[in-house]
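Please read the structure below before turning to the comments.
Nothing in this text is a laboratory measurement; each read-out follows from the coordinates by a stated rule. Treat the numbers as computed from the prediction; the structure is a model and nothing was measured. All Cβ positions, glycine included, derive from the backbone under ideal geometry; neighbour counts span all protein chains shown.
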Amino acid sequence: MASPPCAFSPRGRRLFAACGPDGRLRVWDAAGSRLQHEYVPSAHLSAACTCLAWAPAEGRQIPSKDGPQRKKRKSEVGEVEKQLDILAIGTAVGSILLYSTVKGELQSKLDGGHDSRVNCVRWHQDNCCLYSCSEDKHIVEWNTQTCKVKCKWKGDNSSVTCLCISPDGKMLLSAGRTIKLWDLETKEVYRHFTGHATSVSSLMFTTVKPMNESIPFDGITGLYFLSGAIHDRLLSVWQIRSDRKEKNAVMSFAVTDEPIFVDLTVSEVKEEPVKLAVVCRDGQLHLFEHILNGYCKKPLTSNCTIQIATPGNDGDSTPKPVPILAAAFCTDKQSLLLVYGNTSQPVIEKVSLNTSEPHICLVRDIQKVLSLKTDAALTKVKTPVVNSDTKVLVPGIPGHSTAVKTPASGKEKKKNKRKPGETEESIEERLGALDIDVSKVKTPGGLPQTDSLAVLLVQGLESNDAEILNKVLNTRKENIVKNTVARMPIYAVIPLLHELTKRLQGNPYSASLMVRWLKSVFTLHASYLSTLPDLIPQLGMLYQLMESRVKTLQKLSRLHGRLFILASQVAASEAVQDVPEVNQTAKLVYEDESSEEEGSDDEMIADKDSDENWDEDEEKEEQSDEQDMTVEKEINGDSDLEPENESEEE
């Protein structure tokens, strides 16, 4: 989830402005942490604030060719004073709002320059020129007096995320994935710098003069500038050289997490070190102090790390960390202004630190500080003195009147102590005396109400409390989920979607619970989500997650079918093996006697007939053979001779 935009005013760091997730702009007094202004844009839900920039403290004085510059008139001085506290606010729909903290109202609106989300706005030193960059890949130069576009050009092939103007006001740094140095007169690229793998989130110059004073200074050559990127734990330092050979960073500062707020003291002398304060996403503050004198291979570590924690009272001895939201150096360059706590009600404190210790943990009781501020605000309310004859009408339940008594003196105070013999009245009797319907107060079945769950959900999202979020999001009843989503405020919809996406990505087994919340959010808040111009990047991770799961559904279905068939076959074979062998012999045979005798007689008659027929056939065959023999002998001329004649002839 992106950190809310915030910035300190340049005039002595006396004001601190921040835009919360609800789209409201709040300006606090840094000295006493008092809220001075609260501005709600007309389209604060759909056109949320994306970036902030205060007008510079002093206008750039252009030297005159004829001689010394003339004195300003009183009217001109008044206009400059009014211009000093102007706050430029970039929105998600491409427009820029100019808010005056002196008047406490919107001064003007800049439209027609960008078609998409404004990523960064920067004021020029002459106070009437403003530069902005956007997701539409363009950089726009505005005239704040006429509220019109002076110039517009393409800054990169992808979105331009950050801008920074050189100390002399003639050059402009822009950054997306690569950093470009532009000449503001010709709008041409002067240098390229490459080295970040992700989009650049912060750009600022660290020096106003070159370290080598022997070389003539042209306003830009020899200067150092700092850059930080999203999801990058290294802050890179670059040097603008006269030759085009060196395009890489000359040194880097190592931090523990992605930087969300960076402030530094500009080095004006060669021996003066640059002091750097970096607030990371994990809530820690890192302080660096280094003299920029050329190339350094290894990343530099912080001289001091600052954390804030609670004392851990009320029976809990474990201290809890308090996130630091922003930090800035004071005018003396020794003390720091720390902003910590919650974005809707932060605590601003001035701290003088001894950087000899590598790690400092400040113990602060935020609840006590907030309660003191509330008590101080309540003490300003004066109670009027009311006589006993005065009748006071107070709001309350219709038909129920409350007696208002005058404040008694110390001597007339009554002691409302119960005597030993008296019995204490029950709550039901007290409610009955107040004439309140007790049945309306009781909740049916003692179930948790959806309005309390909605409040808990918003509190958990704002404080990022895992215990509260687990208690609410683990609800399984669809009616409670639907009513909770319906009663939650609009500004908590996008944080809820980010939380659900994070849980789906980190713990896939919780998908059955998270899908119910996603279904309710998309069903009930579809009209609000359709008005968001940056809906695609906001829900890109969720869409990719759902698409990757749907892609594997067909393969998983096929695998499930095959496994089901295989498991059923294995179960059937095991069932067949477990069945014992069945004895096939009959246990009882019934025979009918009459039918068997008739059948046996028929069989005997049939056998006799077959035997007689067989003998007749054999006799017929023998007779036929003898006839054949006699016919053959007659044909051959042979006669039947007796055996005696045959022997005589021989």
Inset, instruction - Evaluate E = 1/(1 + (r/R0)^6) for GLN505 and ARG430, where r is the Cβ-Cβ distance and R0 equals 60 Å; express this FRET efficiency to the nearest 0.05. - result: 0.70
Legend entry - Residues of the range 321-335 with amide N under 19 Å of a point placed 7 Å along Cα→Cβ from ASN303: 327-335
Legend entry - Cβ crowding within 10 Å averaged over residues, with 99-106, 286-293, 128-135 ranked highest first: 128-135, 286-293, 99-106
Legend entry - Estimated inter-spin distance, GLU478 and ASP257, nm [label 7 Å along Cα→Cβ]: 3.8 nm
Legend entry - Taking the C-alpha atoms of the range 449-553, convex hull volume expressed per residue in Å³: 103 Å³
Inset, instruction - Provide the net charge surrounding ALA31, with neighbours chosen by a C-beta distance below 9 Å and charges set as Lys +1, Arg +1, Asp -1, Glu -1. - result: +2
Legend entry - Least to most buried among PHE261, PHE564 (fewest other Cβ within 10 Å first): PHE564, PHE261
Inset, instruction - Quote to one decimal, in nm, the extra length available between GLU185 and LYS148 on full extension: 0.36 nm per residue of separation minus the C-alpha distance between them. - result: 11.5 nm
Legend entry - Inter-label distance for CYS296 and ASP126, nm, one decimal - labels placed 7 Å from Cα along Cα-to-Cβ: 3.8 nm
Inset, instruction - Return LYS137, LYS148 ranked ascending by Cβ neighbour count within 10 Å, so the fewest neighbours appear first. - result: LYS148, LYS137
Legend entry - Nearest-0.05 FRET efficiency for GLU591 and ARG558, computed from C-beta distance (R0 51 Å): 0.25
Legend entry - Over 22 Å (Cα to Cα) - which of LYS137/LYS187; LYS247/LYS275; LYS148/LYS187; LYS180/LYS270 fall in this group: LYS247/LYS275; LYS180/LYS270
Legend entry - Extended-chain gain in nm, criterion 0.36 nm per residue less alpha-carbon gap, VAL515 and ALA466: 15.8 nm
Inset, instruction - For GLU271 and CYS361, calculate 0.36 nm times their separation in residues minus their Cα-Cα distance, and state this gained length in nm to one decimal. - result: 29.3 nm
Inset, instruction - Describe numerically, in nm with one decimal, the distance between label points set 7 Å from Cα along Cα→Cβ at GLN107 and at LEU529. - result: 4.0 nm
